[in-house]
Amino acid sequence: MKIVIIGGTGLIGSKLVRKLREQGHDALAASPNTGVNSITCEGLANALKGASVVVDVTNSPSWEDAAVLKFFETSTRNLLSNEAAEGVGHHVALSVVGTERLLESGFFRAKFAQENLIKASSIPYSIVRATQFFEFVKSIGDFSTDGNKIPLPPALIQPMAADDVASAVSRVAVGPPLNGTVEIGGPEKFHLDELIRMDLTARKDPRKVITDPQGRYYGIKVTERALIPDDNARLGETRFEEWLKQSTKQAPRPALQPA
Ligand SMILES: NC(=O)c1ccc[n+]([C@@H]2O[C@H](COP(=O)([O-])OP(=O)(O)OC[C@H]3O[C@@H](n4cnc5c(N)ncnc54)[C@H](OP(=O)(O)O)[C@@H]3O)[C@@H](O)[C@H]2O)c1
């Protein structure tokens with residue numbers, strides 16, 4: 001089966017391409033770096049020729065409110081119209097758990113617009129909503145840093161490994177279109193302040209997390225359960241502590257060379 005991964009060079013995209021190829025599929029990594037652009041349409045029609053499925057795991061180069069909205073609207077419209085022209089039978093997109101609860105953020109307004117364009121199109125679709133990736137946890141703390149302190153609310157969060165995200169998306173991509181949304185998440189819930197504290201400790205980062213019920217997640221207010229999926233979510237297996245141990249392991253020192 002030919003499966004085109006738009007954003008196939010990114011964090012999730014590159015893992016997804018590898019997994020689909022391992023299963024014997026003809027997975028094409030499509031992105032500006034490989035000559036395919038969903039904004040300008042360069043190389044797009046050609047990439048989609050003969051494709052059964054298109055998976056959209058792009059991200060916007062800018063997260064500024066107007067820029068990110070323009071990116072996801074333009075890119076999604078271009079993908080859906082080119083897919084219709086080429087007879088693609090399944091559009092899969094990666095979105096974020098809780099998007100409709102996070103609309104104070106321009107990024108989530110853009111993801112919401114992306115989801116709505118997909119739902120309104122004639123192409124059979126599946127939307128996979130994932131929780132925050134483990135790989136993204138550090139940047140949550142970085143974003144809220146004020147000097148040596150990081151004020152964060154104790155909201156619940158259920159992050160997952162990018163590798164488990166890619167596995168879940170690959171399963172959806174090779175299955176029949178859901179014409180609906182599925183949620184995926186990690187195996188454990190944390191409080192956001194506690195999660196960032198664990199991450200800082202493992203990285204020997206001296207910044208201090210301050211538990212602050214008025215603190216923000218990426219600049220916006222969140223309720224206690226805004227970031228977590230519902231009980232039907234499909235859960236990944238990798239635990240945060242396990243992943244953290246691996247990702248903070250020091251590279252072995254090179255052996256000393258004789259003088
Ligand atoms: N971060 C999280 O915790 C989280 C949680 C849930 C869902 N998500 C969603 O997961 C998706 C993928 O995230 P990621 O971290 O894997 O992204 P990423 O590593 O930033 O990769 C973004 C990809 O988009 C491609 N791209 C950018 N502009 C493009 C264009 N004009 N045409 C085609 N491709 C373009 C990039 O291509 P080049 O390499 O060629 O520039 C790259 O392959 C995003 O939509 C995000 O909203 C993220």
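A compact table of results
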{"item": "Exclusive hit being closer than 15 Å to ILE140 by Cβ and surrounded by fewer than 16 Cβ atoms within 10 Å (Cβ to Cβ), set ASP199, ASP212, ASP193, ASP231", "result": "ASP212"}
{"item": "Search result, residues across segment 19-38 that are assigned to a loop (DSSP other than H, G, I, E, B) and within 16 Å of ALA93 (Cα to Cα)", "result": "SER31, SER38"}
{"item": "Verdict on THR76 being hydroxyl-bearing (Ser, Thr, Tyr), under 23 Å from GLY106 (Cβ atoms) and surrounded by 16 or more Cβ atoms within 10 Å (Cβ to Cβ)", "result": "yes"}
{"item": "Selected residue (only one of PRO187, PRO177, PRO151 is touching a residue at least 60 places away in the same chain (Cβ under 8 Å) and in a loop (DSSP other than H, G, I, E, B))", "result": "PRO177"}
{"item": "Checking VAL209 against (1) outside any strand (DSSP E or B); (2) more than 18 Å from the chain's Cα centre (by Cα), the condition it does not meet", "result": "(1)"}
{"item": "Every residue from segment 102-139 that is farther than 22 Å from GLY180 by Cβ, assigned to a helix (DSSP H, G or I) and either among the charged types (D, E, K, R) or modelled with pLDDT under 95 (or both)", "result": "GLU135, LYS138"}
{"item": "Tabulated pairs, segment 27-40, first farther than 14 Å from ALA51 by Cα, second part of a strand (DSSP E or B) and more than 6 Å from the ligand (Cβ to nearest atom), C-beta under 7 angstrom, 6+ apart or interchain", "result": "VAL36/ALA30"}
{"item": "Lone qualifier among LYS119, LYS111 - being basic (Lys, Arg) and closer than 21 Å to GLY10 by Cα", "result": "LYS111"}
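Residues checked against (1) assigned to a strand (DSSP E or B); (2) within 18 Å of ALA113 (Cα to Cα); (3) in contact with a Pro (Cβ under 9 Å, 6 or more places away or on another chain); (4) within 11 Å of the ligand (Cβ to nearest atom):
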| residue | (1), (2), (3), (4) |
| --- | --- |
| ILE12 | no, no, no, yes |
| LYS15 | no, no, no, yes |
| THR40 | no, no, yes, yes |
| VAL54 | yes, no, no, no |
| THR58 | no, yes, no, yes |
| ALA66 | no, yes, no, no |
| ASN78 | no, yes, no, yes |
| LEU94 | yes, yes, no, yes |
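The values are calculated or read from the model by the stated rules, or taken from the named source; none is laboratory data. In this text, all values refer to a predicted model and were calculated from it rather than measured experimentally. All Cβ positions, even for glycine, are placed from backbone atoms using ideal geometry, and neighbour counts span all protein chains on display.
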